[in-house]
Amino acid sequence: MSETCAVCRQGRGPVKCEVCGFSDNGSINKQFPIQEDAKYWIETVVIPYRIKWEAKKREAELLAQLEESRKREAELKAQLEGSNKRETELSVAGYRNHGNAYNEKGQYDEAIKDYTKAISLEPNYAYAYNNRGLVYAGKGQYDEAIKDYTKAISLDPNDASAYYNRGLAYAKKGQYDEVIKDNTKAISLDPNYAAAYFNRGNAYYEKGWYDEAIKDYTKTISLDPKYAVAYNNRGIAYYGKGQYDEAIKDYTKAISLDPNDATAYFNRGSAYDEKDQYDEAIKDYTRAISLDPNYASAYFNRGNAYDEKDQYDEAIKDYAKAISLDPNDASAYYNRGLMYKYKGEKNRAIADFEFALKLDPNNSKYKNKLKQLRGW
């Protein structure tokens, strides 16, 4: 009996069978006589096994192709996502930049639209919330501004500027405790944030905490020695404490840094007034008026200084100018009435006292003076 091949004996393959003549492609080699038992094994074992093996091989090829297809699909998806992300980033940057440009031009409504569009494309864009808050603040919509600053802070808790900006909005609403909290946080994040010390100093001043205010203004100045307004405001705090010489020093420094600041001249004039140095006061009020011709308070205070020097006609002119700039200033009418009284012009004095009382009906000083004058 002839030998059977390995495939016929054990079902291994595929190989070329030298006994039965079965080749790798499943054909029969006609050179060899096919015994009946070999034919049986070819038909029942070899051929089915070959078919099965080919199927598995094809399946493996298909799986490899599928895996390659999935890999390529993933690559294309990643490329598409990257492209979309880049497109979104470019769009967000575009809207952001347009918003910034509109804001600088004072076109606040347009700026808000662009920042809002940037936010719709990138909902976690803290910068856009912060800047939209600045625009709302510029429009005087402080509640909306605070909402945006708060959102910016939630997205980026380490952004000192967002706390600082929210503090500014709270200041406009007179919520000085909140101003102090926000600027204190900004300072903790950025210990060299001069403006944050300055704004906290302003809040302390508004609460009547002059010593704390002076400390913060002093810190501001140490960080930024050319911060003119910090000198001016520290002068105001010294003035509030009755330390007029210190106030004058600070106002003078503020003027040296910013010679065109009318308020610094006005404030120094007020300090000179308190020291009874009326000529110096008049000079400063006059300079303030030259820088700001519509400075009603400067005319009013210069009128007071002229009054102290018994220059009633000059005082009357200044009170009249103050009234023309601020027709609802009852004290200007009252003071002008006093000048008319001193000059013996009773009817004019009465007219001014009556108008002052009309503007401020509950002012007992005005009532008493009018009563005295009518009985004069």
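The values are calculated or read from the model by the stated rules, or taken from the named source; none is laboratory data. Keep in mind the model is a prediction, meaning the values are calculated, not measured. All Cβ positions, even for glycine, are placed from backbone atoms using ideal geometry, and neighbour counts span all protein chains on display.
Data overview
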read-out: Among the residues listed as Ser161, Ser188, the single one being surrounded by fewer than 17 Cβ atoms within 10 Å (Cβ to Cβ) and at pLDDT 95 or above; value: Ser188
read-out: Matching residues, the stretch 215-232, being under 10 Å from Gly201 (Cβ atoms) and crowded, with 24+ Cβ neighbours inside 10 Å; value: Asp216, Tyr217, Thr220, Ala230
read-out: Candidates Asn362, Asn328, filtered to the one that is part of a loop (DSSP other than H, G, I, E, B), touching a residue at least 12 places away in the same chain (Cβ under 8 Å) and exposed (fewer than 15 other Cβ atoms within 10 Å of the Cβ); value: Asn328
read-out: Residues located in the stretch 124-145, provided they are under 21 Å from Gln107 (Cα atoms) and in contact with an Asp or Glu (Cβ under 9 Å, 6 or more places away or on another chain); value: Tyr127, Ala128, Tyr129, Asn130, Asn131, Arg132, Gly133, Leu134, Val135, Tyr136, Ala137, Lys139
read-out: Single condition Ala281 does not satisfy, out of (1) at negative phi; (2) surrounded by fewer than 23 Cβ atoms within 10 Å (Cβ to Cβ); value: (2)
read-out: All positions within the stretch 196-214 that are surrounded by fewer than 21 Cβ atoms within 10 Å (Cβ to Cβ), in contact with a Phe, Trp or Tyr (Cβ under 8 Å, 6 or more places away or on another chain) and part of a helix (DSSP H, G or I); value: Glu206, Tyr210, Glu212
read-out: Boolean, Ile119 is touching a strand residue (DSSP E or B) at 6+ places or on another chain (Cβ under 8 Å) and either at pLDDT below 90 or within 26 Å of Ala160 (Cα to Cα) (or both); value: no
read-out: Failed item, numbered, when Arg268 is tested on (1) surrounded by fewer than 17 Cβ atoms within 10 Å (Cβ to Cβ); (2) in contact with a Phe, Trp or Tyr (Cβ under 8 Å, 6 or more places away or on another chain); value: (1)
